[in-house]
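The values are calculated or read from the model by the stated rules, or taken from the named source; none is laboratory data. Computed from a prediction, not measured in an experiment: that's the story for all the values here. Methodologically, a virtual Cβ is constructed for each residue, glycine included, from the backbone with ideal geometry; neighbour enumeration extends over all protein chains shown. Side chains are part of the model used for accessible areas, which takes the heavy atoms of the whole protein and leaves out ligands, DNA and RNA. Shrake-Rupley method; radii C 1.70, N 1.55, O 1.52, S 1.80 Å.
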Amino acid sequence: PGLRAKSRTHCFGHRLRFCCHWPLILNNDLELCLYVEPIVKMQEVDGLKMVKEFAEEMENMLGRKMKSVKRMAETVEDADFFHEYNATLEFDYYNSMMINTLDEDGNSVELGGEFPLEENEHFNKLPVSTQQSVIQVPTNVYNKDTDILNGVFMSEALNEVFTSNFEKDPTLTWQYFGSSTGFFRLYPGIKWTPDENGVVTFDARNRNWYIQAATSPKDIIIAVDISGSMKGLRLTIAKHTINTILDTLGENDFVNVIAYSDYVRYVEPCFKGTLVQADLDNREHFKLLVEELQVKGEGKVKKAIKESFKILNEVCRGSLCNQAIMLITDGAMEDFQQVFEEFNWPERKVRVFTYLIGRELTFADNVKWIACNNKGYYTHISTLADVQENVMEYLHVLSRPMVINHEHDIIWTEAYMDSVAESLLLMTSVAMPVFSKKEETLSHGILLGVVGTDVPLKELMRLAPRYKLGVHGYAFLNTNNGYILSHPDLRPLYKDGKKLKPKPNYNSVDLSEVEWEDTEDAKRVVFLKNEYFYTTINETPFSLGIVLTKGHGKNVFIGNVSVEEGLHDLTASDVTIANEWTYCETDIDPHHRKLTQFQAVVQYLTGKEPDLECDERLLQHTLFDAVVTAPMEAYWTALLIDGGVETAFLGTRSGLMRIIRYVGAEKRVAKKFLSPTDKENIFTLDHFPVWYRRAAENPSGRFLYYVPIEDSTQGSLHPAIHIIQTMRFNTLFRISCSVFFFFPCSGWQVCDCGHVCYSVCEQKDSSCWRYDFSWLCLSLFFFYISLEREREMGIERVGRFLGKIDGSVMSQLLKMGMFKRVLLYDYQAMCKVNPHYASGARPLLSVSTVLFLLDFNIYSLWHSDPFAEANKKSKGDILQPCDTEYPSFVYEPSIKETNSMIKCGRCQKMFVINQIPDSKLLLVVIQADCDCSRQYVPITMEPKEVKYILKTPAKSVKCDRMRSQKIRRRPESCHAYHPQENAKDCGGAAAISLSIMLFLACLLVSALIRQ
């Protein structure tokens, strides 16, 4: 078998090279052009200069957004200055829930009316009105409240500014004003869709852009009473209050949570005596721990306050701006004045906000005294429905110094998913606070709200075009806290059943967590030497970085041809360009938005659309590539190909592709291949095609093979082989194009030296095989079975890892040193929750009192329980973020052939391996009649979760990771104090006012449940 395998290896390589010789001919023609034509030159890329140019373009783009926001802020403040509050105002406005809605008689409902909407490409094809804004009001806010009506009437002046901004900058997306009273004005106007219960839970005041703009960075200690008197509903309200406070924090804030009764305990012992960054991971971690709190003992509030002051006064880390203690209790009986005299008076640098839980008001005066004498605010929370509005009060207090100073700090948010359009697009928002300028209210520091606009990160990254960065190069954006804003290898979504959902920690991923992961296939190890260049984007908290790979990004090939010559070859039937790239800007003029990039390029070059803004350099590359690859069409047309070739195609660095199909769509094995939905194999905004990237790692003139597996509509597997021929104009410089054949597996044949061919995937003559051996073909990088003798088993095994098919052979190859195991890590993985540790919300409806049931029902109408959806599933099906490790295997290229014998109980298994010349394929011959599955378990590449054991705070990898302070840029502005602040406005008992309809509905539900 060894001699025959070696003979077949050489003949197989010869056959492959013979059938695909035409790329080598073209390669020679193209290289000859370099030395004959004076129209081409090489240019070295200056990475530092390039990243600064990209950053300047991004700064200009983001600067236009900031100017729009400033105009909006000025408009609202001027409108409020001249508006006189009218307690009896009656005003009809366009409510986004009511527009275009008719009653039973066919008349428009109140606050509705006819509101023309048109589908708009720029706004994700949503029906919108670019002539008018709409008002959205959460379900828990009365939409005809006097404060709401006055605010809506005053902010009508924004309509003119919205349309003017959009005309000046057509790339603007959503513009909005979030009022401190609860309403949300949105442009362009849309029809707002409630959830399945008919409820609108969106409240602009809870959004990160609102909270960050309204306050400066803050250090928060949350101290919660867990004494015996806090049992039942009080503890439930207290937990929800903590979670609501945590939701108001962001990456620029720092936090810790302590619980007290007879003694003080940290809910996370790892965080003892310190502050941690309030990023999404830490906030969610706190929420899980808070859910496990139980009551016992007697409440000693003095100990808790003293511990809180020690943290804030002694810890050097944190925001070092606003400092506050959030005291959550049902009463305070001790004499605690001495604590404040010792730690906080007379400067009162630390504000204390108090939340009295429950209906009992016996200790209300004591709790209010604490807040009023420490520049804080006191609220009384008796039901779950009270939590949201009362927690928000502390933001207005913290905003007072900024309002009195009249400092309009512009803020930019971390990445988040677009909630208005529900498009799962990553966005960032720029926002600015809006203040009352009236003299009579100046010392009160009245915040009117926040104005802002969204910026899709995809549009921002278009300013760092792929063609300038090379095949493995890319650009990325970081926030000032070191988290990823945009990165081609950021995976913010996961698949939950058939739906794509955002990962819980999608916007708190560190740069190192995406840079370490193998991004191409998760089955190959790619060794690249990268150079990093980075700079800040002025007037923003963002940093821009670019990566250039040595060998495939440091040099650029520049050619020049006439427009007439280039257009002739560009418009050939086999040519396409990358539609996700920006050759011409089609989003500025509404008339251009329906044009594809190819249509826009042709119309610009032919002079039909001279007003289009196009990338002249990219067009120059594209036209040149079209001309120099034009001979391919003639080669492909004239080439008589048999043996089942389906597709021939090439790609260039300019995003140009030439494709010829030899088989009709109905007979094609890989129907999805190179289609617009086949993101892996076409040029996208984030990546070059996978076959292009793999060709870049291949020596010039050498063939590369790999076997993608595609699911058909029937669910069966359709394997096919890609033959990749890499062509370089010069081995020292960039790849100009990569040329490919695409074969269905059944078309492959192995020929002996007498030119007698045997089908590898389908054996037609069993007499050709004298030994009972399996003939396999392996890719050196994939180590996957790509060709198999037995038809009934081969198709099932195509593309699968050899170690999983035959663990004995793979184990032997590892021992012999032909392959070595390499561990890779994925820090963005999702793992199933261990049912033993999973926790969910407690069933509150089991409480017998009607009063408690009423409170919870009203609350649940507009507050979604984060655990509710999870509880519908079995705990073993819930996914959560985790780290995983998985093995990959690297081939030792110095070993061209080998053979060995494996002892397996009563039999011995022989195998022979030979490398196929001029390729990355191995031909493997394995004795098939010896079963070694009992002695050798399969070797898989399945990921395994990395478990971080939390033993003691001082000796724990997990604790070290959680406490670690990331390198960050502290926000420049801080507004924590102003001498004119009126601290006497420190709150009072909250009045409970409910809609009669809500009250009656809840009573009805309560009665039904009791029955």
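Taking a probe of 1.4 Å, how large is the accessible area per residue of the stretch 116-220, in Å²? Spell out each step's value before the answer.
Working: 3750 Å² over 105 residues.
Spelled out: the 1.4 Å probe surface of the stretch 116-220, per residue, equals 36 Å².
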**Prompt:** So if R0 is 22 Å, what FRET efficiency would Glu110 and Phe82 give, r being the distance between their Cβ atoms, rounded to the nearest 0.05?
**Reply:** 0.20
**Message:** Under 8 Å for C-alpha pairs, at least 6 residues apart: give me the relative contact order for the stretch 589-680, rounded to a whole percent.
**Reply:** 17 percent
**Item:** Spin-label model distance (nm) - Lys984 vs Phe153, 7 Å beyond Cα toward Cβ
**Value:** 3.0 nm
**Request:** Report the label-to-label distance for Lys608 and Gln338 in nanometres (one decimal), using points 7 Å from each Cα along the Cα→Cβ vector.
**Result:** 8.8 nm
**Asked** Normalized C-alpha radius of gyration of the stretch 229-321, against 2.2 N^0.38 Å?
**Response** 1.08
**Message:** I need the Kirkwood Rh of the stretch 380-518: take the reciprocal of the average 1/r across all distinct C-alpha pairs and report it in angstrom.
**Reply:** 18.3 Å
**Item:** Approximate spin-label separation Glu897-Arg317, in nm, with each point projected 7 Å along Cα-to-Cβ
**Value:** 6.0 nm
**Message:** With a 1.4 Å probe and all protein chains kept in place, how much accessible area does Cys904 have, in Å² rounded to the nearest 10?
**Reply:** 10 Å²
**Prompt:** By a straight-distance test (C-alpha under 12 Å), which aspartates and glutamates pair with Lys310 as possible cross-link partners, with residues fewer than eight away in the same chain excluded?
**Reply:** Glu342
**Item:** Local net charge near Glu110, Cβ-Cβ under 10 Å (Lys/Arg +1, Asp/Glu -1)
**Value:** -1
**Fill in**
Probe 1.4 Å, heavy atoms of protein chains only: per residue, the accessible area of the stretch 897-937 in Å² is 51 Å²
**Asked** Got a sec? Charge dipole of the stretch 570-694, +1 on Cβ for Lys and Arg, -1 for Asp and Glu; which of Tyr635, Ser654, Pro676 is way out at the positive end?
**Response** Tyr635
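Using a 1.4 angstrom probe on heavy atoms only, work out the carbon and sulfur share of the accessible area of the stretch 563-679 in %. Please report the intermediate quantities before stating the final value.
Numbers: 2970 of 5420 Å².
That fraction is 55 percent.
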**For the stretch 387-455 and the stretch 274-331, distance of Cα centres in Å** = 25 Å
**Asked** Cα-Cα over 27 Å: which of Lys495/Lys920; Lys503/Lys679; Lys503/Lys920?
**Response** Lys495/Lys920; Lys503/Lys920
**Asked** Of the GluC sites (Glu not before Pro) in the stretch 532-635, which ones lie in a loop per DSSP and count no more than 14 other C-beta atoms within 10 Å?
**Response** Glu539
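If a/c stays under 1.5 just call it rounded; otherwise compare a/b with b/c (prolate if a/b is bigger, oblate if not). Do that for the stretch 240-394, with a ≥ b ≥ c from the square roots of the Cα gyration tensor eigenvalues.
Values: a/c = 1.33, a/b = 1.11, b/c = 1.20.
Rounded, because the longest to shortest axis ratio a/c is under 1.5.
With the cut-off at 1.5 for a/c, could you classify the stretch 370-457 from its C-alpha gyration tensor as rounded, prolate or oblate? All intermediate terms of the calculation are to be shown ahead of the outcome.
Working: a/c = 2.78, a/b = 1.40, b/c = 1.99.
Oblate, because a/c is 1.5 or more while a/b does not exceed b/c.
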**Asked** Looking at the stretch 128-282, what % of the alpha carbon pairs are farther apart than 21 Å?
**Response** 61 percent
**Item:** Compactness of the stretch 441-497 - radius of gyration and Dmax, Cα, Å
**Value:** 18.5, 59
**Item:** Spatial separation of Cα centroids for the stretch 162-225 and the stretch 113-129, in angstrom
**Value:** 20 Å
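Roughly how many percent of the accessible protein surface of the stretch 412-465 is carbon and sulfur, given a 1.4 Å probe and a whole-percent answer?
Details: 870 of 1610 Å².
After summing per-atom areas, the C and S share lands at 54 percent.
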**Complete:** Residue separation between Trp369 and Lys144 times 0.36 nm, minus their alpha-carbon distance, gives in nm 77.5 nm
**Asked** In what sequence, largest accessible area first, do Arg653, Arg491 appear using a 1.4 Å probe?
**Response** Arg491, Arg653
